[in-house]
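K.L.:
One structure, pasted below without further comment.
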Amino acid sequence: MKQYAYYPGCSLESLGKSYHLSAMEVSKALGVELKEIEDWNCCGATAYFPVDEFLAYTLTARNLAKAEKTGLDFVAPCSACYKNAFFTNKYIQHDADLADHINYALEVDDLHVSGTSRVRHLIDIFINDVGLEEIKTKVTNPLKDLRVAPYYGCQILRPRKEHEDVENPQYFENLLSTLGAEPVNYSSKARCCGGSLIITNRKAALDMVRILLQDAVNHDADVIATTCPMCNVNLEVYQAQVNREFGTQYAIPVMYFTQLMGLSFGIVPGHLGIGKQQVSSESMLAIAQNTK
Amino acid sequence: MVDELAFNYEITNLMYASHGQPITNCLQCGTCSGTCPAVEFMDHTPRQIIGMIRADLKEEVLASNTYWTCASCFHCTVRCPADIDVADMMYALKRYSMWKGQFQAGLIGPDFSEAFVKMIVNSGRSFEPLLAATYLPRYSARDIVQEGLMATGLVLSGKMPLLPKKIKGLKKFQQMVRRIIPIGEQS
């Protein structure tokens, strides 16, 4: 069984609960054990950095230090947590002075960080550690005829982590094809959803969400799939506000990639947190479960 | 007497030193502005802001909403031909304006960031309903009603918890934070 130090992040305890549920179900089916990091703290999202960069790195380092003790790879399902952990870890590896300062603070919590963990996103371990071949063997209910718009968003891709394609990645499409779905080719797949502007500049964020929804609809997508709880909330929970603001009538379901994986594995929708969304998922389920 | 540091060096110094090039390397090509998904909501485009910093227009930069309108999508950063981490520069400008206590009136970003950090220092984790108090009063009556309806729907569907979670090792966590930034009294 593959084991990982799992960092759920704050969103997965509240608005992103269905992401957590479906990640656990899918992991179990794939023989992956996500061992939650003990007493983890918030990664800082995008809100610490305007106040103090060093504080932001230190708070993330506390979680990394706890993961290091286990010797397992650090896995985050949220793109913002992933980005913060990835770069904090990288800077700790390359900047001894920064590492010293951080360790001086961590010392009071009997922790030490040296940057030895590998920081991964959840989708990365499914695709690259489990592998598409293995995933395919678990697909008992291929998502035939389901047109899925893969929405990468920003921080899973950018800033560039290693040598990946940040302009036109394909791994999400490949995963969806493996599940039997039809990935939609649309140009907004890595365009920003507005992130925390949904709070701090509502008007701008709603417009950014509208552009994404319209692009997915223009390409006849039945559902948008996300890899991040922030993107999911903006596209799903705020869809009704977009409709009110712009007089549109979007009603496109938004699912986490783990929920679609679970459906294709034949897991009951309720166990994947499907049915609790603000936008009805009935139309999508009818196609996904071949009952249409 | 020491000469005052030029504005563009102040900002460069506020960017994390181990990556990216200084903003003095900017070619003014406008790739950042053309890439930015939020540019139409900014007072000045990212290219203009860099030009303004280099022209030492400190007051004008501090009065601009540009960096508070950055969503941190890092598209400008990966495309900049001069290898400037433009999104990180936006963070540097946010920090600069917070430290100076100078920003455009009516912006929610500065208060939100401060409230967010306070919340984390107090509990270790983020909890959306607590944050609402910092921004809801700035919303219009119509927006507040919409937000209330949405929150009720989320609570009813089990998506939004009613009580915040605190981490167990909070005391040591707070001592750790105090080693970085002194907040309140040492306990």
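The values are calculated or read from the model by the stated rules, or taken from the named source; none is laboratory data. Given the structure is predicted, the values throughout are model-derived calculations rather than measurements. Note: ideal-geometry Cβ built from the backbone for every residue, glycine included; neighbour counts use all protein chains shown.
K.L.:
Sort through B:Ala87, B:Ala92, B:Ala71 and tell me the only one that's at the interface with chain A (Cβ under 7 Å from one of its Cβ atoms), under 15 Å from the mean Cα position of the chain (by Cα) and not charged (D, E, K, R). It would help to see each step written out before you state the result.
P.N.:
On the way: B:Ala87 fails: at the interface with chain A (Cβ under 7 Å from one of its Cβ atoms); B:Ala92 fails: at the interface with chain A (Cβ under 7 Å from one of its Cβ atoms).
Exactly one of B:Ala87, B:Ala92, B:Ala71 is at the interface with chain A (Cβ under 7 Å from one of its Cβ atoms), under 15 Å from the mean Cα position of the chain (by Cα) and not charged (D, E, K, R), namely B:Ala71.
K.L.:
So, one more: Out of (1) polar (S, T, N, Q); (2) within 18 Å of the chain's Cα centre (by Cα); (3) within 8 Å of another protein chain (Cβ to nearest Cβ); (4) not in a loop (DSSP other than H, G, I, E, B), what's the single condition that is false for B:Thr134?
P.N.:
For B:Thr134, the failing item is (3).
K.L.:
Next up: Scan segment A:41-83 residue by residue and report those that are within 14 Å of the chain's Cα centre (by Cα) and either among the aliphatic types (A, V, I, L, M) or at positive phi (or both).
P.N.:
Once the filter is applied, which keeps residues that are within 14 Å of the chain's Cα centre (by Cα) and either among the aliphatic types (A, V, I, L, M) or at positive phi (or both), segment A:41-83 yields A:Ala45, A:Val75, A:Ala76, A:Ala80.
K.L.:
Give me the residue from segment A:129-146 that is loosely packed, with under 14 Cβ neighbours inside 10 Å and not in a loop (DSSP other than H, G, I, E, B) and, out of that set, farthest from the chain's Cα centre (by Cα).
P.N.:
That would be A:Thr137.
K.L.:
For segment B:135-149, check the following and say yes or no: at least one residue is of a type in the set (Lys, Arg) and buried (at least 18 other Cβ atoms within 10 Å of the Cβ).
P.N.:
We begin by selecting, within segment B:135-149, every residue of a type in the set (Lys, Arg); these are B:138, B:142.
Next, only the ones that are buried (at least 18 other Cβ atoms within 10 Å of the Cβ) stay: none.
Checked against the condition, which is being of a type in the set (Lys, Arg) and buried (at least 18 other Cβ atoms within 10 Å of the Cβ), segment B:135-149 yields no hits at all.
K.L.:
Among the residues of segment A:7-24, is there at least one that is over 19 Å from the mean Cα position of the chain (by Cα), at pLDDT 95 or above, more than 9 Å from every other protein chain (Cβ to nearest Cβ) and buried (at least 21 other Cβ atoms within 10 Å of the Cβ)? Can you show your working first?
P.N.:
Within segment A:7-24, the first condition is being over 19 Å from the mean Cα position of the chain (by Cα), and the residues that meet it are none.
No, segment A:7-24 has no match at all.
K.L.:
Moving to a separate point now. Do you know which residues across segment A:57-88 are over 20 Å from A:Asn232 (Cβ atoms), small (Gly, Ala, Ser) and touching a strand residue (DSSP E or B) at 6+ places or on another chain (Cβ under 6 Å)?
P.N.:
Correct list: A:Ala67 only.
K.L.:
Identify, from the list A:Asn63, A:Asn128, the residue that is of a type in the set (S, T, N, Q) and more than 14 Å from chain B (Cβ to nearest Cβ). If you could, list the steps in order and put the result at the bottom.
P.N.:
Working: A:Asn63 fails: more than 14 Å from chain B (Cβ to nearest Cβ).
That would be A:Asn128, the only listed residue that is of a type in the set (S, T, N, Q) and more than 14 Å from chain B (Cβ to nearest Cβ).
K.L.:
If B:Ile49 passes every condition in (1) outside any helix (DSSP H, G or I); (2) closer than 22 Å to A:Gly194 by Cβ; (3) β-branched (Val, Ile, Thr) but one, which one does it miss?
P.N.:
With (1) outside any helix (DSSP H, G or I); (2) closer than 22 Å to A:Gly194 by Cβ; (3) β-branched (Val, Ile, Thr) applied to B:Ile49, the lone miss is (1).
K.L.:
Is one or more of the residues making up segment A:112-121 in the same structural domain as A:Ala45 (by TED's automatic domain parsing), assigned to a helix (DSSP H, G or I) and basic (Lys, Arg)?
P.N.:
no
K.L.:
Are there any pairs, at least 6 apart or on different chains, whose C-beta atoms fall under 8 Å, with the first in segment B:63-78 and over 17 Å from B:Phe103 (Cα atoms) and the second in a helix (DSSP H, G or I) and of a type in the set (Lys, Arg), and if so, which?
P.N.:
From residues that are over 17 Å from B:Phe103 (Cα atoms), there are no pairs.
K.L.:
Take segment A:177-207 and flag every residue that is among the hydrophobic types (A, V, I, L, M, F, W, C), closer than 30 Å to B:Leu131 by Cα and either more than 10 Å from chain B (Cβ to nearest Cβ) or in contact (Cβ under 8 Å) with a residue 24 or more places away in the chain (or both).
P.N.:
Keep residues of segment A:177-207 that are among the hydrophobic types (A, V, I, L, M, F, W, C), which gives A:179, A:181, A:184, A:190, A:192-193, A:197-199, A:204-206.
Filter again for closer than 30 Å to B:Leu131 by Cα, leaving A:190, A:192-193, A:197-199, A:204-206.
Hits for segment A:177-207 are A:Ala190, A:Cys192, A:Cys193, A:Ile198, A:Ala205, A:Leu206.
K.L.:
Still on this structure, I have one more. Do you know which of the residues in segment A:211-221 that are more than 10 Å from chain B (Cβ to nearest Cβ) and within 20 Å of the chain's Cα centre (by Cα) is farthest from B:Ala105 (Cα to Cα)?
P.N.:
Here is the first cut: in segment A:211-221, the ones more than 10 Å from chain B (Cβ to nearest Cβ) are A:213-221.
Adding the requirement that they be within 20 Å of the chain's Cα centre (by Cα) leaves A:213, A:216, A:221.
Values: A:Leu213: 32, A:Ala216: 36, A:Ala221: 41 Å.
Here the answer is A:Ala221.
K.L.:
Moving on. For the structure I just gave you, tell me whether B:Arg95 is within 23 Å of A:Cys10 (Cβ to Cβ), touching an Asp or Glu at 6+ places or on another chain (Cβ under 9 Å) and either assigned by TED's automatic domain parsing to the domain that holds B:Tyr16 or of a type in the set (Phe, Trp, Tyr) (or both). I'd like the intermediate steps shown before the answer.
P.N.:
Details: within 23 Å of A:Cys10 (Cβ to Cβ): yes; touching an Asp or Glu at 6+ places or on another chain (Cβ under 9 Å): yes; either assigned by TED's automatic domain parsing to the domain that holds B:Tyr16 or of a type in the set (Phe, Trp, Tyr) (or both): yes.
Spelling it out, B:Arg95 is indeed within 23 Å of A:Cys10 (Cβ to Cβ), touching an Asp or Glu at 6+ places or on another chain (Cβ under 9 Å) and either assigned by TED's automatic domain parsing to the domain that holds B:Tyr16 or of a type in the set (Phe, Trp, Tyr) (or both).
K.L.:
Give A:Gln249, A:Gln259 a once-over and let me know the one that is more than 11 Å from chain B (Cβ to nearest Cβ) and closer than 15 Å to A:Pro150 by Cα. Give the derivation first.
P.N.:
On the way: A:Gln249 fails: closer than 15 Å to A:Pro150 by Cα.
Only one candidate qualifies: A:Gln259.
K.L.:
Of the residues B:Met160, B:Met119, B:Met150, which is within 30 Å of A:Ala240 (Cβ to Cβ), touching a Pro at 6+ places or on another chain (Cβ under 9 Å), part of a helix (DSSP H, G or I) and at the interface with chain A (Cβ under 9 Å from one of its Cβ atoms)?
P.N.:
On inspection, the qualifying residue turns out to be B:Met119.
K.L.:
Could you pull out every one of the helices (runs of 4 or more DSSP H) wholly within segment A:226-292 that has 1 or more residues that are surrounded by 22 or more Cβ atoms within 10 Å (Cβ to Cβ), modelled with pLDDT of 95 or more and small (Gly, Ala, Ser)? Reasoning before the result, please.
P.N.:
On the way: elements: A:229-232, A:239-246, A:257-264, A:282-288.
Hits in segment A:226-292: A:257-264.
K.L.:
Do we find that A:Phe74 is farther than 30 Å from A:Val268 by Cβ and either away from chain B (no Cβ under 11 Å) or in contact (Cβ under 8 Å) with a residue 60 or more places away in the chain (or both) in this structure?
P.N.:
yes
K.L.:
Something else: Are any of the residues in segment A:205-212 farther than 30 Å from B:Gly20 by Cβ, in a helix (DSSP H, G or I), assigned by TED's automatic domain parsing to the domain that holds A:Gly266 and out of contact with any Lys or Arg (no Cβ under 8 Å at 6 or more places or on another chain)?
P.N.:
The first filter runs over segment A:205-212 and keeps only residues farther than 30 Å from B:Gly20 by Cβ, leaving A:206, A:210.
Checking the rest, the ones that are also in a helix (DSSP H, G or I) come to A:206, A:210.
Of the ones still in play, those that are also assigned by TED's automatic domain parsing to the domain that holds A:Gly266 are A:206, A:210.
Right, trim to out of contact with any Lys or Arg (no Cβ under 8 Å at 6 or more places or on another chain) and you get A:206, A:210.
Yes, segment A:205-212 contains at least one residue that is farther than 30 Å from B:Gly20 by Cβ, in a helix (DSSP H, G or I), assigned by TED's automatic domain parsing to the domain that holds A:Gly266 and out of contact with any Lys or Arg (no Cβ under 8 Å at 6 or more places or on another chain).
K.L.:
Just to be sure I understand, how many residues within segment A:222-273 are under 14 Å from the mean Cα position of the chain (by Cα) and of a type in the set (S, T, N, Q)?
P.N.:
Residues in segment A:222-273 being under 14 Å from the mean Cα position of the chain (by Cα) and of a type in the set (S, T, N, Q): 6 in total.
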